[in-house]
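Right, one structure below, let's go through it.
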Amino acid sequence: MAQADEWRRTACILCECNCGLEVQLDADGKHFTKIRGDRAHPASQGYACEKAHRVDYYQNGPDRVTAPLRRRPDGTFEQIDWDTAIREVAAKLMQIRDAHGGDTIFYFGGGGQGNHLPGGYGAGTMRALGATYRSNALAQEKTGEFWVNGRMLGTPVRGDFEHAEVALFVGKNPYQSHGMPRARVTLKEIAHDPARTLIVIDPRRSETAELADIHLQVKPGRDAWLLAAMLGVLVQEDLLAHPWLAEHAAGVEDATAAFRTIPVAAYCAIAGVDETLVRQTTRRIAVAKSVAVAEDLGIQMNRHSTLNSYLEKLVWVLTGNFAKQGAQYSPAMLVNLASSSPDGSAGAKPRRVSPVVGARIISGLVPCNVIPDEILTDHPKRYRAMVVESGNPAHSLADSQRMREALGALELLVVVDIAMTETARLAHYVLPAPSQYEKYEATFFNFEFPKNYFHLRHPLFEAPPDTLPEAEIHARLVEAIGAITEEDLAPLREAATQGRAAFATAFFAALAKKPALETMLPVLLYRTLGPTLPNGAAAAAPLWGLAQLFSLHHPDTLRRAGFTGDGATPGDELFDAIVASESGVIFAVDEYEESWKRVRTPDGRIQLVIPELLEELATLETTPPLAGDAAFPFVLSAGERRSSTANTIFRDPRWRKKDADGALRVSPADAHRLGLREGGRARVTTKRGSLEVAVEVSEMMQPGHVSLPNGLGCTYPDEAGRPRHPGVPPNELTASEDRDWLAGTPWHKSVPARVEAVDSP
Ligand SMILES: Nc1nc2c(c(=O)[nH]1)N[C@H]1C(S)=C(S)[C@@H](COP(=O)(O)OP(=O)(O)OC[C@H]3O[C@@H](n4cnc5c(=O)[nH]c(N)nc54)[C@H](O)[C@@H]3O)O[C@H]1N2
Ligand SMILES: Nc1nc2c(c(=O)[nH]1)N[C@H]1C(S)=C(S)[C@@H](COP(=O)(O)OP(=O)(O)OC[C@H]3O[C@@H](n4cnc5c(=O)[nH]c(N)nc54)[C@H](O)[C@@H]3O)O[C@H]1N2
Ligand code: SF4
Ligand SMILES: [Mo]
């Protein structure tokens, strides 16, 4: 497949940015030999961070699964052929559906940072079985924010940092974690421009805080008091954008009343930030022509998580920063992974809760932290089967100990992955997929504005012969279940050979005849339109449906992107461009005002009042802030993004040149007091677990705060095939009950902990 010296185009799959890459492969077509940023990529424009150069450790990981596996009663695995695997998995899923109802089958995952095609296919299989509950990693980080966006605007919101006069990051370290195109370039531009201001709220002097003009070094877990104080300053000093609010917002009086009496000085003291600095920072935000804001795990995986998301949003709404250059916007998306409607549910459906504990379902996702509670019970509607696809709950979700127990209690666990993960080891069946560089793949994390981009990546390597792409796995499962038959497929397959117009006609006729097919569109398109696509791009067929929907809902946006429909429909034109392009396609060009059209509240205004959260705000006055006690005097942030972390996408620890052990960061003062030294060992203990770790004495940390990296401590075989666990698995230390009352998001960033020296100084 490969040709030496030929540059091929693909993308990095390590974070949501999916930066475009140009790569060369070795003569055998097995390894990447050269990797550089792709200048033709419309979003990243040649940018790539240091991690992209390591993707060969993903592609050639030592614990790839290369044939379907079935677990024997003694816990070992045996290879089986695909026909057996599909037949047995389909039969067992149907048995569970028939005995207990389809809603006892639970789907987890659907994609990581760069592979979102499986989620669509998996959803079809689940609906074919009558399964209604699902989740993924977003339900342990972003669902609180989605819910707040839903209530206030009915649309997801992002910040235009490239053009912002003031950039505010709350609990986010984009220098390491990115989360916006060309993050380091943009951050440096803001920091070095005297007319612009970079503000960071973080207990740690992170790389971004180090660059910042203003660093509000909050005490860990106390952002609610700080954000409330900032809003107190805005309201009490009357810094609000009154005319703008009168036109665009609802509930201004009631919402601002809550901040009129905030004791600013007392709240700043609780937050541990100088009041004068808080006042100056808030005034800077209020006078700026534009403010872009992003929050992330520092507050989302923390106490008052959903409340903090609300307070963060009130800061930019009360200062009028929406739908203009350099402020917040609502992107045009092919797939909205962050949907949440004003009543807090996904789409137009009424509010739903999980079957056993009644946890709020946001954006269609059950909170990850309640999954063990939904399984470890004798409730008749407990989850009995689970299909996990491109996710590693036994490692990544809170409370690995309880999660393992829950996964072990299932009647059936099916894992679709490329590697033998912690979760796969517990499965009854492991179904191996080709890597993301061996098949067509894409991310739906496309949030840019005013131009938005989509990149369908083409395969670079041959897949191991006994793997099947997720599209094919799901097509076979749906057929084995009998939900799609040859009778459904034949006329569509025939029409597809006669051109797109004939296909569209036949497609809508088929749906009219058998509406149930609508729930399995990805497989239907894959099996019928798929074979007509060039270069074996069949798995991309569902994008045809998405392109049609996009052209229906965003005709002007699509036209401005150059898809006018000369010769074909604009949707077909977009689809063909996506399939043909190797570097990505601009599919949306918006005007700033366009964001208002996407606001989905009944009166088209931003809703400032969320009663549930104003009630929680009022409790701050009497809530004791997180403080250490004798047993657990430290606050542990369990899972920090470093240049040596990439979730669990790399399992081979050799990719980490620095920080090989994933050290615990400790402030110099604490290190001195505890007798810890750089490179030494410490024991970290929480109410849930106790682990030994390497120590890094770091000026980044404030006293009382310690942090561990995310994604490390995976089991991986060494040269002799023996299992090793380099680094620390953070969720051995976290507890599933420590979660937000509203969104169920975990408190990973503020785990009470004890730290002790292991060796002598
Ligand atoms: N290098 C690298 N990049 C990644 C990833 C990766 O694994 N490695 N993962 C990707 C994923 S999945 C995600 S979700 C993003 C996450 O991206 P981020 O949220 O930016 O990453 P974190 O480092 O987990 O947390 C951000 C910051 O929160 C701070 N923090 C801790 N406690 C508090 C607190 O009490 N208050 C405040 N205000 N801040 C606090 C930490 O000090 C840290 O600097 O990163 C993505 N990018
Ligand atoms: N304590 C603590 N826990 C955390 C965090 C933290 O900060 N602290 N961070 C959390 C966050 S924000 C996130 S997003 C999660 C991430 O955790 P997960 O949702 O588990 O995601 P990944 O680590 O990206 O792993 C995804 C899986 O996909 C597999 N995979 C890769 N490519 C393919 C493919 O093409 N097909 C299939 N089928 N599988 C594939 C990988 O082998 C891996 O097993 O971790 C969370 N866990
Ligand atoms: S910013 Fe993210 S997607 Fe881009 S190269 Fe770095 S890790 Fe990869
Ligand atoms: Mo994440």
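The values are calculated or read from the model by the stated rules, or taken from the named source; none is laboratory data. Note that the coordinates shown come from a computational prediction; the quantities given were computed from them, not determined experimentally. No Cβ is skipped: glycine too gets one built from the backbone with ideal geometry, and neighbour counts run over all protein chains shown. The accessibility values were calculated without ligands, DNA or RNA, using every heavy atom of the protein model including side chains. Shrake-Rupley method; radii C 1.70, N 1.55, O 1.52, S 1.80 Å.
Do we have Ser644 as in contact with a strand residue (DSSP E or B) (Cβ under 9 Å, 6 or more places away or on another chain) and within 16 Å of ligand 3 (Cβ to nearest atom) here? Write out each step before concluding.
On the way: in contact with a strand residue (DSSP E or B) (Cβ under 9 Å, 6 or more places away or on another chain): yes; within 16 Å of ligand 3 (Cβ to nearest atom): yes.
Here the answer is yes, as Ser644 does meet what is asked.
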Contact list, first residue from region 610-627 and touching a residue at least 12 places away in the same chain (Cβ under 8 Å), second anywhere and outside any helix (DSSP H, G or I) and of a type in the set (Val, Ile, Thr), beta-carbon distance below 8 Å, six or more apart or interchain, is Leu626/Val635
Hey, does region 421-429 have a residue that's farther than 30 Å from Asp28 by Cα and within 11 Å of ligand 2 (Cβ to nearest atom)? yes
Of all residues in region 634-683, which are part of a helix (DSSP H, G or I) and either modelled with pLDDT of 95 or more or charged (D, E, K, R) (or both)? Arg654, Pro668, Ala669, Asp670, Ala671, His672, Arg673, Leu674
Give region 365-408 a look and list any residue that's open to solvent by less than 10 Å² (accessible area, probe 1.4 Å) and small (Gly, Ala, Ser), or say none. Ala385, Ala394, Ala398, Ser400, Ala406
Of the residues Ile214, Ile299, which is touching a residue at least 60 places away in the same chain (Cβ under 8 Å) and either surrounded by fewer than 22 Cβ atoms within 10 Å (Cβ to Cβ) or among the hydroxyl-bearing types (Ser, Thr, Tyr) (or both)? Ile214
Residues satisfying the stated conditions in region 472-496, i.e. surrounded by 19 or more Cβ atoms within 10 Å (Cβ to Cβ), outside any helix (DSSP H, G or I) and over 34 Å from the mean Cα position of the chain (by Cα): none
Note: among Asp98, Asp56, just one is touching a His at 6+ places or on another chain (Cβ under 6 Å), of a type outside the set (A, V, I, L, M, F, W, C) and away from ligand 1 (no atom under 16 Å from the Cβ), namely Asp56
Residue check for Lys172: within 16 Å of ligand 3 (Cβ to nearest atom) and without any contact (Cβ under 8 Å) to a residue 24 or more places away in the chain: no
From the option list Arg527, Arg559, Arg500, single residue qualifying as touching a Leu at 6+ places or on another chain (Cβ under 7 Å) and under 27 Å from Val585 (Cα atoms) is Arg527
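For region 460-471, enumerate the residues that are in contact with a helix residue (DSSP H, G or I) (Cβ under 8 Å, 6 or more places away or on another chain) and either open to solvent by less than 30 Å² (accessible area, probe 1.4 Å) or not in a loop (DSSP other than H, G, I, E, B) (or both). Give the steps one after another, and end with the answer.
In the first step, residues of region 460-471 are kept if they are in contact with a helix residue (DSSP H, G or I) (Cβ under 8 Å, 6 or more places away or on another chain); the result is 461, 466, 468-471.
Selection gives Phe461, Leu468, Glu470, Ala471.
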Can you tell me which condition Val166 does not meet? The list is (1) buried (at least 21 other Cβ atoms within 10 Å of the Cβ); (2) within 16 Å of ligand 2 (Cβ to nearest atom), and all the others hold. (2)
If Ala631 passes every condition in (1) at pLDDT 95 or above; (2) open to solvent by 60 Å² or more (accessible area, probe 1.4 Å) but one, which one does it miss? (2)
In region 690-734, what residues are over 26 Å from Gln217 (Cα atoms), open to solvent by 10 Å² or more (accessible area, probe 1.4 Å), assigned to a loop (DSSP other than H, G, I, E, B) and of a type in the set (Gly, Ala, Ser)? Ala720, Gly721, Gly727
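Taking region 143-160 only, how many residues are open to solvent by 30 Å² or more (accessible area, probe 1.4 Å) and within 15 Å of ligand 1 (Cβ to nearest atom)? If you could, list the steps in order and put the result at the bottom.
Taking region 143-160 first, the residues open to solvent by 30 Å² or more (accessible area, probe 1.4 Å) are 151, 158.
So of that shortlist, the ones also within 15 Å of ligand 1 (Cβ to nearest atom) come out as 158.
Number of matching residues: 1.
Each row is one residue, and each column tells you yes or no for (1) small (Gly, Ala, Ser); (2) within 33 Å of the chain's Cα centre (by Cα); (3) surrounded by 23 or more Cβ atoms within 10 Å (Cβ to Cβ).
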position: Leu511; (1), (2), (3): no, yes, no
position: Pro522; (1), (2), (3): no, yes, yes
position: Ser551; (1), (2), (3): yes, yes, no
position: Asp572; (1), (2), (3): no, yes, no
position: Glu591; (1), (2), (3): no, yes, no
Condition broken by Gly61, with the remaining ones in (1) over 30 Å from Tyr175 (Cβ atoms); (2) modelled with pLDDT under 95 satisfied: (1)
Determine the pairs where a residue that is at pLDDT 95 or above, located within region 176-202, has a partner that is basic (Lys, Arg) and open to solvent by less than 20 Å² (accessible area, probe 1.4 Å) with Cβ atoms under 9 Å apart, the partner being 6 or more residues away or on another chain. Gln176/Arg642; Gly179/Lys172; Val200/Lys172; Ile201/Lys172; Asp202/Lys172
Just give me the residues in region 1-59 being under 25 Å from Glu162 (Cβ atoms), open to solvent by 30 Å² or more (accessible area, probe 1.4 Å) and in a strand (DSSP E or B), in sequence order. Arg9, Arg36
Those residues of region 118-142 which are assigned to a helix (DSSP H, G or I), away from ligand 1 (no atom under 15 Å from the Cβ) and either of a type outside the set (Val, Ile, Thr) or open to solvent by 20 Å² or more (accessible area, probe 1.4 Å) (or both) amount to Pro118, Gly119, Gly120, Tyr121, Gly122, Ala123, Gly124, Met126, Arg127, Ala128
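Restricting attention to region 176-221, which residues are assigned to a helix (DSSP H, G or I) and within 16 Å of ligand 2 (Cβ to nearest atom)? Let's see the steps before the verdict.
So in region 176-221, the residues assigned to a helix (DSSP H, G or I) come out as 176-177, 183-192, 207-211.
Once the filter is applied, which keeps residues that are assigned to a helix (DSSP H, G or I) and within 16 Å of ligand 2 (Cβ to nearest atom), region 176-221 yields Gln176, Ser177.
Got a sec? Which helices (runs of 4 or more DSSP H) wholly within region 280-399 have at least 1 residues that are in the same structural domain as Phe169 (by TED's automatic domain parsing)? Before you say what the answer is, go through the steps one by one.
On the way: elements: 297-300, 305-318, 371-375, 393-396.
Filter on region 280-399 gives 297-300, 305-318.
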With (1) closer than 22 Å to Gly704 by Cα; (2) part of a helix (DSSP H, G or I); (3) not aromatic (Phe, Trp, Tyr) as the list, and Thr276 as the residue in question, which single condition is left unmet? (1)
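Within region 497-513, is even one residue among the polar types (S, T, N, Q) and either in a helix (DSSP H, G or I) or touching a Gly at 6+ places or on another chain (Cβ under 9 Å) (or both)? Even if it seems obvious, please write down each step before you answer.
Quick first cut of region 497-513, residues among the polar types (S, T, N, Q) only: 497-498, 505.
From what is left, the residues that are either in a helix (DSSP H, G or I) or touching a Gly at 6+ places or on another chain (Cβ under 9 Å) (or both) are 505.
Yes, region 497-513 contains a residue that is among the polar types (S, T, N, Q) and either in a helix (DSSP H, G or I) or touching a Gly at 6+ places or on another chain (Cβ under 9 Å) (or both).
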Out of the residues in region 400-413 that are outside any helix (DSSP H, G or I) and of a type in the set (A, V, I, L, M, F, W, C), which is farthest from Trp147 (Cα to Cα)? Leu412
